[in-house]
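**Q** Next up is a structure, given as structure tokens.
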Amino acid sequence: MKTLTPSKRSAAKALPADYATLCRNVWLPRPIHDKAEHEAALAAVGPLWGREHSMTADQADWFALVTDLIADFEDRTGRKAKPLPLAQRLAALLDAHGMKAADFGRLLELEPSMGSKLINGTRQLTAAHIRALAAHFALPAEYFL
């Protein structure tokens, strides 16, 4: 199983590197007032999610501001975006780190083919897998639940 389709990968790479163009062409950071604006903001930051290590300084500033605006709206309204399914979170994480499903299996000291099965949900992550992933990617264990 490939981690992300080429169109999603190129969409992330095609994002502008400078702040002004991000504001002009992707999403102008402003307070979020309703569900439609909330969804638009989530869609705007989606291609950068999990790519913090490869963002330009302007992309990081824009991403931080937009995610703060999203969090503010969610706090004010009690509305929380549904977390992405684990398969999507894993795929995005692997893509952000330039890994394939086989690399994922090897990371967990499994047969390379098991990586794909874990990602697509036909096999479940164990507590040991979750601890190893949390340590390797420096993320809380809850991310993998």
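The values are calculated or read from the model by the stated rules, or taken from the named source; none is laboratory data. This one's a predicted model, so the numbers in the text were calculated from it and none came from an experiment. Using ideal geometry, Cβ is built from the backbone for each residue, glycine included, and neighbour counts are taken over all protein chains shown.
**Q** Sort through Ala101, Ala81, Ala134, Ala141 and tell me the only one that's closer than 25 Å to Trp27 by Cβ, of a type in the set (Gly, Ala, Ser) and either at pLDDT below 90 or within 18 Å of the chain's Cα centre (by Cα) (or both).
**A** Only one candidate passes the filter, namely Ala81.
**Q** Could you please let me know if Ile119 is of a type in the set (Val, Ile, Thr) and touching a residue at least 24 places away in the same chain (Cβ under 8 Å)?
**A** When the stated conditions are applied, Ile119 passes them.
**Q** Only residues in the stretch 91-106 that are touching a residue at least 12 places away in the same chain (Cβ under 8 Å) count as the first member; pair them with residues that are acidic (Asp, Glu), Cβ under 7 angstrom, at least 6 apart or cross-chain, and list the lot.
**A** Gly105/Glu111
**Q** For the stretch 18-74, which positions are in a loop (DSSP other than H, G, I, E, B) and surrounded by 14 or more Cβ atoms within 10 Å (Cβ to Cβ)?
**A** Listed by number, the residues that qualify are Trp27, Pro29, Ile32, Trp49, Gly50, Arg51, Met55, Thr56.
**Q** How many residues does the stretch 115-130 hold that are part of a helix (DSSP H, G or I) and in contact with a Phe, Trp or Tyr (Cβ under 9 Å, 6 or more places away or on another chain)?
**A** 6
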